[in-house]
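To keep things clear, I will list the structure first and then write my remarks on it.
Where a number appears in this text, it was derived from the coordinates with a stated rule and is not lab data. These numbers were taken from a predicted model, which means no experiment stands behind them. Here the Cβ is made from the backbone with ideal geometry for all residues, glycine too, and neighbour counts use every protein chain on show.
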Amino acid sequence: MKILVTGGAGYIGSHTSVELLNKGYEIIVVDNLSNSKVEVLDRIRELTNRDFKFYRINLLNRGELDRVFKENKIDGVIHFAGLKAVGESVEKPLEYYHNNITGTLVLCDLMKEYGVKRLVFSSSATVYGNPERVPISEDFPLNTTNPYGSTKLMIERILEDLYISDREWGISLLRYFNPIGAHQSGRIGEDPNGIPNNLMPFITQVALGKLKRLSIFGNDYNTHDGTGVRDYIHVVDLAQGHLKALDKILEKPTLDIYNLGTGEGYSVLDMVVNFEKATGKKVDYTIVDRRPGDIDICYADPSKAERELGWKARRDIQDMCRDAWRWQINNPNGYE
Ligand code: NAD
Ligand code: WQD
């Protein structure tokens, strides 16, 4: 079985590639390396002892992507490629809409042309906006608050329409909560450019001494300690969820939507305490103003994925902290 992995050099794509290769799939990675490094590909080969083809291609380039479909008999696609920084999407909306939406349209058009009708798509819990209550189940109302989130919601709608037009498609929309952690080897992990936007890479860089202290964005939220609560999920659990979703759509046509989260919420202060406990490293912090657009609390009801896919997140918050830290100390400058 040959799976095309778009964005396979990225954080979640690289971990999923490892799981696919370990399960015996052949993979083809397409990535333009706009937010990743070529070195990750050798790490994937090293961890799995398997080789695969890599195309450095922008999805927006139809001609080049066509070559990938021409040269390979592809059975299914896992589509990670996209831009993902919320703040940047507010500054550069056209770039985000163009890259994420046009990239997906070009990909789907070629899939249709070549009769490859199996697609797993990286959506996000961001499509729930500010939820009325928690835990969040898949039937909650959808509403986005920034261009990045809107690209995810629009792509979900496009893929739903595609399925309605031709019920031979098998499409799985996976709404990720907050992926953190790294492969337990410490060889692959999250490698943000510049100062991290997300909590866990910020914490690991403070613990390493690269950043002075964590700024906690507000302690007056409606949560147990006033700091924001999220559903952090180990990236390897998340990667394994993709294999389950893929198996199901390879079996028969369908349109599926699943939350991939743990169902547990941790506050920013809980994360600091858990990180310190898991690693023995101190994380200095200071409380600052809220970050615009942040919500109080967000965690999943992941029971649909368990019921229908037989998937459940297994790694706990200590595993997530330990693995994130192992990756950070072994690779203080990421893949450089
Ligand atoms: P990432 O930036 O590490 O990986 C995305 C990869 O796609 C990068 O390697 C980048 O170079 C590539 N890419 C981007 N645009 C491309 C294009 N036009 N052509 C070819 N390659 C392109 O991000 P990630 O954290 O691994 O996220 C993967 C997917 O999951 C993204 O779609 C993201 O929006 C989604 N997602 C991520 C999170 C998260 O917190 N990390 C949460 C929910 C959803
Ligand atoms: C987590 C918590 C912050 C950094 C984002 C996207 C979302 C999804 C995942 C893609 C919040 C607090 C953070 C810091 C802090 N991505 N925080 N100091 O905002 O839940 O989700 O990534 O789909 O769409 O919005 O994740 O890691 O940025 O923040 O206090 O330096 O940590 O306020 O409560 P978020 P995050």
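Miscellaneous remarks
- Here's the picture: charge each Lys and Arg Cβ at +1 and each Asp and Glu Cβ at -1 in the chain, and of MET200, GLY334, LEU173 the one pushed furthest to the positive end of that dipole is GLY334.
- Using a Förster distance of 41 Å, the FRET efficiency for SER303-LYS277 (Cβ separation, nearest 0.05): 0.90
- Fully extending the segment from ASP166 to ASN333 would add 55.5 nm, taking 0.36 nm per residue of separation and subtracting the current Cα-Cα distance.
- Förster radius 30 Å - calculated FRET efficiency between GLU39 and ASN198, Cβ distance, rounded to 0.05: 0.90
- Inter-label distance, nm, simple model (7 Å from Cα along the C-beta direction), SER137/ASN61: 4.6 nm
- Peptide ranges 67-80, 175-188, 153-166 listed from the most packed, as the mean C-beta count within 10 angstrom indicates: 175-188, 67-80, 153-166
- Here is the result for the stretch 239-330: no GluC sites (Glu not before Pro) lie in DSSP coil with at most 15 other C-beta atoms within 10 angstrom of their C-beta.
- Ranked by the mean number of other Cβ atoms within 10 Å of their residues, highest first, the peptides 310-317, 220-227 fall in the order 310-317, 220-227.
- Given their separation in residues at 0.36 nm each and the Cα-Cα distance between them, GLU46 and LEU94 gain 13.5 nm when the chain is fully extended.
- Centroid-to-centroid separation of the stretch 110-127 and the stretch 233-254 [C-alpha atoms, Å]: 13 Å
- Folded to 0 to 90 degrees: helix 39-48 orientation relative to the chain principal axis, Cα: 80 degrees
- Shape class of the chain from the Cα gyration tensor (axes a ≥ b ≥ c, square roots of the eigenvalues): prolate, since a/c reaches 1.5 or more and a/b is larger than b/c.
- Residue of PHE140, PHE275, PHE121 that the Gaussian network model of the chain assigns the largest fluctuation, springs spanning Cα pairs under 10 Å: PHE140
- Dipole magnitude of the stretch 120-204, debye to nearest 20 (Cβ charges: Lys/Arg +1, Asp/Glu -1, about Cα centre): 260 debye
- In this Cβ point-charge picture (+1 for Lys and Arg, -1 for Asp and Glu), the stretch 1-84 has a dipole of about 100 debye about its Cα centre.
- For the chain, the longest principal axis of the Cα atoms and the long axis of helix 147-165 meet at an angle of about 30 degrees.
- Against the chain, whose longest principal axis comes from its Cα atoms, helix 268-279 is set at around 90 degrees.
- Scattering curve values for the stretch 179-330, log₁₀ I(q)/I(0), Debye with Cα scatterers, q = 0.18, 0.20 Å⁻¹: -1.09, -1.26
- Bridge orientation summary for the stretch 161-267: considering DSSP beta bridges with both residues in this region, about 15 percent are antiparallel.
- Available extension along the chain between ILE287 and GLU251 is 8.0 nm, counting 0.36 nm per residue and deducting the alpha carbon span.
- Most simply put, the chain has about 5% antiparallel DSSP beta bridges, counting only bridges with both residues inside it.
- Oblate is the label for the stretch 1-113, because the ratio a/c of its alpha-carbon gyration tensor axes (a ≥ b ≥ c) is 1.5 or higher and a/b is not greater than b/c.
- Sequence ranges 5-13, 99-107, ranked by mean other-Cβ count within 10 angstrom, highest first: 5-13, 99-107
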